[in-house]
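Novice: Here you go, one structure.
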Amino acid sequence: MFRRQILRAGLGAASFMTVGLLSFSALARTTASGRTFAEGAAIKLAQALRSIGCDECSESAMRLETSLRNDGSISLHARRAGLSAADAMTISDTLQSLTYEQASSLGSFSLSYNPLIGDEGALALARSLPDTLRELGLVGCEIKDTGGEAILRWASKSSYLRIICIEENQFSEHLKAQFRQLRQKNENLLVIV
């Protein structure tokens, strides 16, 4: 859609080619309110974390609000926060409410060592994780094959993913082998299962 807008603006093919060399995040940094897409995403996700109410989530929300990197990306890390499947669904709902540009600013996402997330939480997250995510951590979340297969389907469609850490879950050997096959298909992907 962004490319169509540029072309419709009458910039011409030569300008379009020059613009195409810029990163998407550089083109789409600022909204009409003057806030960057990453800042908007950080605010929404921080509100979701604070609504969960645990101390670790409040600290994670604070880190998230200050995690804006030079490349315009943010990181959501709420490890060992005692998160449940319902909490994962709250985060999932917030991820689904983000615009594409906001969701694209999420570079790293980890809810590792939250064993109450389980399959139910993993299913919700797999439906809402942006396909532009570069790092995913769901270590030790008591995810079984149902949730693991959903994460595998999401990861198989993500061309930006560079690291996925999902060890210490309850995956069958067959599912672990499928994750290793994903690594073989993508030489730029580190899979720890």
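The values are calculated or read from the model by the stated rules, or taken from the named source; none is laboratory data. Keep in mind that what you see is a predicted model, and the values were worked out from it rather than measured. Note that each Cβ is placed from the backbone with ideal geometry, even for glycine, and that neighbours are counted across all protein chains shown. Surface areas here come from the heavy atoms of the whole protein model, side chains and all, with no ligands, DNA or RNA. Shrake-Rupley method; radii C 1.70, N 1.55, O 1.52, S 1.80 Å.
Novice: Taking the conditions exactly as written (open to solvent by 10 Å² or more (accessible area, probe 1.4 Å), under 22 Å from residue 177 (Cα atoms), of a type in the set (Ser, Thr, Tyr) and touching a Pro at 6+ places or on another chain (Cβ under 9 Å)), does residue 160 satisfy them or not?
Specialist: Criteria met by residue 160.
Novice: May I ask you to verify whether residue 172 is among the hydroxyl-bearing types (Ser, Thr, Tyr) and in contact with a Leu (Cβ under 7 Å, 6 or more places away or on another chain)?
Specialist: Here the answer is no, as residue 172 does not meet what is asked.
Novice: Would you confirm, using the coordinates I've provided, whether residue 128 is closer than 26 Å to residue 37 by Cα and at pLDDT below 95?
Specialist: In short, no.
Novice: Something else about it: Could you tell me which residue of segment 171-193 is farthest from the chain's Cα centre (by Cα), considering only residues that are modelled with pLDDT under 95 and in a loop (DSSP other than H, G, I, E, B)?
Specialist: 187
Novice: So which residues in segment 63-80 are within 17 Å of residue 42 (Cβ to Cβ), outside any helix (DSSP H, G or I) and open to solvent by 10 Å² or more (accessible area, probe 1.4 Å)?
Specialist: Scanning segment 63-80 gives 66, 67, 68, 69, 70, 71, 72, 75, 77.
Novice: Yes or no: segment 50-62 includes at least one residue that is open to solvent by less than 10 Å² (accessible area, probe 1.4 Å) and in contact with a Pro (Cβ under 9 Å, 6 or more places away or on another chain).
Specialist: Within segment 50-62, not a single residue is open to solvent by less than 10 Å² (accessible area, probe 1.4 Å) and in contact with a Pro (Cβ under 9 Å, 6 or more places away or on another chain).
Novice: Six or more apart or on different chains, Cβ atoms under 6 Å: show the pairs whose first residue is in segment 164-180 and under 19 Å from residue 129 (Cα atoms) and β-branched (Val, Ile, Thr) and whose second is modelled with pLDDT of 95 or more and not in a loop (DSSP other than H, G, I, E, B).
Specialist: 164/136; 164/155; 164/191
Novice: Related question: I need the full set of residues from segment 129-149 which are open to solvent by 10 Å² or more (accessible area, probe 1.4 Å) and part of a helix (DSSP H, G or I), in order please.
Specialist: Passing the criteria: 145, 146, 149.
Novice: Oh, and also: Looking for whichever is hydrophobic (A, V, I, L, M, F, W, C), touching a Gly at 6+ places or on another chain (Cβ under 9 Å) and surrounded by fewer than 18 Cβ atoms within 10 Å (Cβ to Cβ) here; the options are 125, 116. Which one fits?
Specialist: Step by step, each of 125, 116 is checked, and only 116 is hydrophobic (A, V, I, L, M, F, W, C), touching a Gly at 6+ places or on another chain (Cβ under 9 Å) and surrounded by fewer than 18 Cβ atoms within 10 Å (Cβ to Cβ).
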